[in-house]
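First comes the structure, then the notes that go with it.
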């Protein structure tokens with residue numbers, strides 16, 4: 001089990017990460033509403049994902065402490081990853097990710113970080129559905145989609161979460177250092193899977209949010225397309241984090257299906273002395289048995305590769321920590337030279 005670093009509110013360095021893409025109308029109010037007295041040091045980091053409007057100018061005017069920009073729009077998943085890396089370089093003890101569209105209330109940030117400060121969680125996420133009284137007004141199809149994907153993740157993770165899609169979250173430094181994500185389109189579900197599988201603790205904090213953003217969503221442009229992309233992310237995560245079950249159970253099922261059907265046809269052949277008109281079924285059974293055996297062999301190979309993946313991720317985390325230490329030493333040295 002991963003443990004959070006001992007933190008006190010008056011000692012911690014909080015970085016509020018705001019991924020933004022063409023959010024000039026709302027990002028200013030979000031930045032100005034962030035409470036600056038909920039930690040010893042609170043900094044606002046805007047990760048501008050190739051905006052073509054005045055997002056950068058508005059963010060500067062509103063008081064953003066640091067703005068990092070992509071030359072082109074790379075997608076929310078990549079923007080989030082780059083933002084986490086940048087926040088760690090800034091020396092964050094806790095990182096809060098909040099959307100730039102104004103759906104979430106920045107005044108909820110102290111409540112969101114409290115479980116991490118109290119050593120009760122490594123990640124705290126805003127939940128729109130845990131408290132039925134706070135369920136926002138949203139189209140029925142979106143509420144169904146959110147709850148459906150939450151149930152899928154719960155089955156996979158053997159947990160009980162109510163809202164796995166919400167982007168308003170707080171991460172401890174240790175959790176952020178261990179995150180390894182691949183999604184370009186989004187990151188919300190992948191973060192849950194990655195952290196839970198690594199033994200980190202996640203707590204949901206019920207918050208009142210605005211169900212529908214003003215204007216067009218940057219991520220959910222089409223409900224069915226979004227559902228398909230999220231399904232692929234979850235499927236790939238299942239493949240990567242539990243490859244032995246993913247390939248092995250499928251292989252066993254196909255092998256047993258082909259074997260059972262072949263056994264029935266064999267009994268029939270013993271009784272009547274012929275296979276016709278089920279010759280095609282024999283060919284299908286042979287195919288199922290072969291594919292089943294191959295998948296079971298693949299499961300063993302994938303399980304071996306999964307062990308290598310875990311070792312590589314552990315090395316990556318250590319390298320990240322070492323890089324942060326070196327950056328801090330370099331910054332301290334520059335500070336002494338200036339004096």
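The values are calculated or read from the model by the stated rules, or taken from the named source; none is laboratory data. Since the structure is predicted, the reported quantities are computational estimates derived from the model, not experimental observations. Ideal geometry is used to build each Cβ from the backbone, glycine not excepted, and the neighbour counts take in all protein chains shown.
Does residue 22 meet the test of being modelled with pLDDT under 95 and surrounded by fewer than 17 Cβ atoms within 10 Å (Cβ to Cβ)? Spell out the reasoning first.
On the way: modelled with pLDDT under 95: yes; surrounded by fewer than 17 Cβ atoms within 10 Å (Cβ to Cβ): no.
No: the conditions fail for residue 22.
Can you find a residue that is without any contact (Cβ under 8 Å) to a residue 24 or more places away in the chain and either more than 21 Å from the chain's Cα centre (by Cα) or not assigned by TED's automatic domain parsing to the domain that holds residue 165 (or both) anywhere in the stretch 10-17?
Keep residues of the stretch 10-17 that are without any contact (Cβ under 8 Å) to a residue 24 or more places away in the chain, which gives none.
Among the residues of the stretch 10-17, not one is without any contact (Cβ under 8 Å) to a residue 24 or more places away in the chain and either more than 21 Å from the chain's Cα centre (by Cα) or not assigned by TED's automatic domain parsing to the domain that holds residue 165 (or both), which makes the answer no.
For residue 251, indicate whether it is modelled with pLDDT of 95 or more, within 23 Å of residue 158 (Cα to Cα) and either loosely packed, with under 14 Cβ neighbours inside 10 Å or outside the structural domain of residue 143 (by TED's automatic domain parsing) (or both). Step through it out loud before you land on a result.
Numbers: modelled with pLDDT of 95 or more: yes; within 23 Å of residue 158 (Cα to Cα): yes; either loosely packed, with under 14 Cβ neighbours inside 10 Å or outside the structural domain of residue 143 (by TED's automatic domain parsing) (or both): yes.
Considered against the rule, which asks whether it is modelled with pLDDT of 95 or more, within 23 Å of residue 158 (Cα to Cα) and either loosely packed, with under 14 Cβ neighbours inside 10 Å or outside the structural domain of residue 143 (by TED's automatic domain parsing) (or both), residue 251 comes out as yes.
Please verify whether residue 266 is surrounded by fewer than 16 Cβ atoms within 10 Å (Cβ to Cβ) and within 40 Å of the chain's Cα centre (by Cα), treating the condition exactly as stated.
So residue 266 fails the test.
Among the candidates 275, 289, which residue alone is surrounded by 12 or more Cβ atoms within 10 Å (Cβ to Cβ), in the same structural domain as residue 300 (by TED's automatic domain parsing) and in a loop (DSSP other than H, G, I, E, B)?
Criteria check complete, one pass: 275.
If residue 29 passes every condition in (1) buried (at least 16 other Cβ atoms within 10 Å of the Cβ); (2) in contact (Cβ under 8 Å) with a residue 24 or more places away in the chain but one, which one does it miss?
(1)
From the list 326, 304, 296, which one is surrounded by 10 or more Cβ atoms within 10 Å (Cβ to Cβ), out of contact with any helix residue (DSSP H, G or I) (no Cβ under 8 Å at 6 or more places or on another chain) and either closer than 30 Å to residue 245 by Cβ or assigned by TED's automatic domain parsing to the domain that holds residue 89 (or both)? Don't jump to the end; show me each part of the working.
Details: 326 fails: either closer than 30 Å to residue 245 by Cβ or assigned by TED's automatic domain parsing to the domain that holds residue 89 (or both); 296 fails: out of contact with any helix residue (DSSP H, G or I) (no Cβ under 8 Å at 6 or more places or on another chain).
When all the criteria are applied, what remains is 304.
What is the residue count in the stretch 46-93 for residues that are free of Cβ contacts under 8 Å to residues at least 24 places away in the same chain, closer than 24 Å to residue 319 by Cα and in a strand (DSSP E or B)?
Matching residues across the stretch 46-93 total 1.
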